[in-house]
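See structure below.
None of the figures in this text is laboratory data; all of them are computed from the coordinates on show. Note that the structure is a prediction, hence the values are computed from the model and not measured. Neighbour counts run over all protein chains shown; Cβ positions are idealised from the backbone, glycine included.
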Amino acid sequence: MADDLPPLRAVIAAHGLAARKSLGQNFLLDLNLTRRIARAAGADKGGVFYEVGPGPGGLTRALLVEGADKVIAVERDARCLPALAEVAAAWPGRLEIISADALTQDETAILPPQSNGRAHIAANLPYNVGTALLIKWLTSAQWPPFWADATLMFQKEVAQRITAAPGSEHYGRLSVLAGWRTAAKTLFDVNRSAFVPPPSVTSSIVRLEPRTEPLEPCDLDRLEKITAAAFGQRRKMLRQSLKPLGGEALIARAGLDPTARPEDLSVADFAALARALSA
Ligand code: SAM
């Protein structure tokens, strides 16, 4: 099944939606690809979806075509609103567009009652705010968070940082935070030629599923303090980089080797350091 709406190229031309770099606009026009992403997000199983940056509506339409019961989409670029209103009219009662900045949006305030307070996030994120949005969702005070899972497009290099394991050159603060609170994996890469205009690098679709409880108990602020200090000087041994936070005594309380470097530590090791910090 497809929808009866015009092809996205025609929508973009009719509404004068020339992509703006300042808004991280790289549009997906291929319905086969957007439907693949929508299925990866689970839209074929129904449910409530939260989309950031629907733009001209490619992924939004795919979510609806695949079977999402409801899509709540937050778009910052008011130029896109008339095109999105046409999608909403074609799917009565199933698409709600909110004209706002997703970075400051309180998501729990906009989810419909049928969601029971939880939604699936699906988004081709604007590359310039994608990481900030993910950090916002990962550091939510409420846990489990408002999102049941998230299927997100990032630049491949960011996807590698999110999903990296210890020992990898990509392993860092974002990997520890994502690994602590979620199970994260890359589903597939998307070639730059799939976008209009093409970005300079390959992209990847990442799937994150929140853990009910973090991998190891510890305080989020302290965990972030530890990872910021350790990865801030990633070539240094812990006894050096963690000196301002307690150095060797702290590392001993966590039962770790003071000569280790941050990429040698598991997420559980970082949690142990965060707990030792509070001791
Ligand atoms: N979903 C569309 C697609 O896949 O073709 C557009 C994706 S484009 C990479 C990113 C979209 O996010 C743009 O429509 C842009 O206007 C929007 N955007 C950028 N910053 C935003 C923000 N802070 N809040 C909400 N939307 C934003």
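Other residues whose C-beta falls under 14 angstrom from the C-beta of Leu250 contribute a net charge of +3, scoring Lys and Arg +1 and Asp and Glu -1.
From the Cα trace of segment 37-119, what convex hull volume per residue do you get, rounded to a whole Å³? Don't skip to the end; give the middle numbers.
Details: hull volume 6.7 nm³, N = 83.
Cα convex hull per residue, to the nearest whole number: 81 Å³.
Remark: Thr259, Thr212 ranked as Thr212, Thr259, counting other beta-carbon atoms within 10 Å and listing the fewest first. What does the charge count around Phe231 come to, taking other residues whose C-beta lies under 9 Å from its C-beta (Lys +1, Arg +1, Asp -1, Glu -1)? Neighbour charge sum, excluding Phe231 itself: +1.
Summing -39500 (n - 2.57) over the DSSP H runs of n ≥ 4 in the chain and dividing by its residue number, what mean residue ellipticity at 222 nm do you reach, to the nearest 500 deg cm²/dmol?
On the way: 11 runs with 98 residues, N = 279.
So the helix-based figure for the chain works out to -10000 deg cm²/dmol.
Please compute the alpha carbon radius of gyration of the chain, then divide it by the globular-protein estimate 2.2 N^0.38 Å. Two decimals is fine.
Numbers: Rg = 20.5 Å, N = 279, 2.2 N^0.38 = 18.7 Å.
The chain yields a ratio of 1.10.
Label sites at Asn191 and Asp221, each approximated as a point 7 angstrom past Cα along Cα to Cβ, lie 4.9 nm apart. Short-range pairs are left out: with C-alpha atoms under 8 Å and at least six residues apart, the relative contact order of the chain is 15 percent. Holding the Cα-Cα limit at 21 Å, pick out from Lys45/Lys70; Lys136/Lys185; Lys45/Lys136; Lys45/Lys156 the pairs that are longer than that. Too far apart for the 21 Å limit: Lys45/Lys136; Lys45/Lys156.
Among the trypsin sites (Lys or Arg not before Pro) found in segment 234-272, those both in a DSSP coil and sparsely packed, with 16 or fewer other Cβ atoms within 10 Å of their Cβ, are Arg234, Arg235, Lys236. A straight Cα-to-Cα reach below 17 Å connects Lys225 with the aspartates and glutamates Glu216, Glu248, Glu263, Asp269, residues fewer than 8 places away in its own chain not being considered.
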